[in-house]
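The structure under discussion appears below in the form of structure tokens.
What follows is calculated from the coordinates using simple rules that are stated; it is not laboratory data. From a predicted model like this one, the values you see are computed outputs, not experimental measurements. Every residue, glycine as well, gets a Cβ built from its backbone with ideal geometry; the counts of neighbours run over all protein chains shown.
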Amino acid sequence: MADYPDVPEEVLAQVRARCMALPEVYEEQAWRGTRWRVGQRAFAHLLEVDGGKPASYAEASGVESGSVLTFRATGPELLALSVAPRPFFKPRWSANVVGLLLDADTDWEEVGELLVESFCASAPKRLAGLVERPS
């Protein structure tokens, strides 16, 4: 397996804290980067784009290098985020996946809200019902 750069630890820690606060979530190494699942469904994936690789993420995000978070969205939120300007982007590989470039200007409160919504879109109703959703 190729040696890929890791996401900066402070970025990973920010995303990890928000994901692991949700019920019955587990973290695993993905083909590249880290992903979080509830049951068998991934609701967040964090990886580092480096030198235009992986090409699918570099193309979708429009960056040669940087930390990228993908998550799920539904309904009006999906529509809005699909056309939102940078730091958001819409990958072509899944209808309900949206991406976000993470950098020094990232609003971590907003990331937390997006991750809660992604979790709720992916989790069984009994688990989604345990989570306080953003207003």
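For the reader, a short list of remarks on this structure follows.
- Count of region 71-94 residues which are in contact with a Lys or Arg (Cβ under 9 Å, 6 or more places away or on another chain) and not in a helix (DSSP H, G or I): 3
- Any hit, region 88-101, residues being among the hydroxyl-bearing types (Ser, Thr, Tyr) and within 21 Å of residue 17 (Cβ to Cβ): no
- Residue 59 satisfies every condition listed in (1) touching a strand residue (DSSP E or B) at 6+ places or on another chain (Cβ under 9 Å); (2) under 23 Å from residue 95 (Cβ atoms); (3) free of Cβ contacts under 8 Å to residues at least 60 places away in the same chain except (1).
- Against the conditions (1) assigned to a helix (DSSP H, G or I); (2) hydrophobic (A, V, I, L, M, F, W, C); (3) under 19 Å from residue 9 (Cα atoms), residue 119 satisfies every one except (3).
- If you go through region 95-116 and keep only what is within 14 Å of residue 77 (Cβ to Cβ) and assigned to a loop (DSSP other than H, G, I, E, B), you end up with 95, 96.
- Flag for residue 33 being surrounded by 12 or more Cβ atoms within 10 Å (Cβ to Cβ), in contact (Cβ under 8 Å) with a residue 12 or more places away in the chain and of a type in the set (Gly, Ala, Ser): yes
- Residue selected from region 73-91 under the condition within 15 Å of residue 122 (Cα to Cα) and touching a residue at least 12 places away in the same chain (Cβ under 8 Å), by the criterion surrounded by the most Cβ atoms within 10 Å (Cβ to Cβ): 73
- Meets criteria (of a type outside the set (Val, Ile, Thr), touching a Cys at 6+ places or on another chain (Cβ under 9 Å) and either surrounded by 18 or more Cβ atoms within 10 Å (Cβ to Cβ) or touching a residue at least 60 places away in the same chain (Cβ under 8 Å) (or both)) for residue 43: yes
- Total residues in region 108-127, condition surrounded by fewer than 18 Cβ atoms within 10 Å (Cβ to Cβ) and free of Cβ contacts under 8 Å to residues at least 60 places away in the same chain: 5
- Scanning region 92-107 for residues that are surrounded by 13 or more Cβ atoms within 10 Å (Cβ to Cβ) and aromatic (Phe, Trp, Tyr) yields no hits at all.
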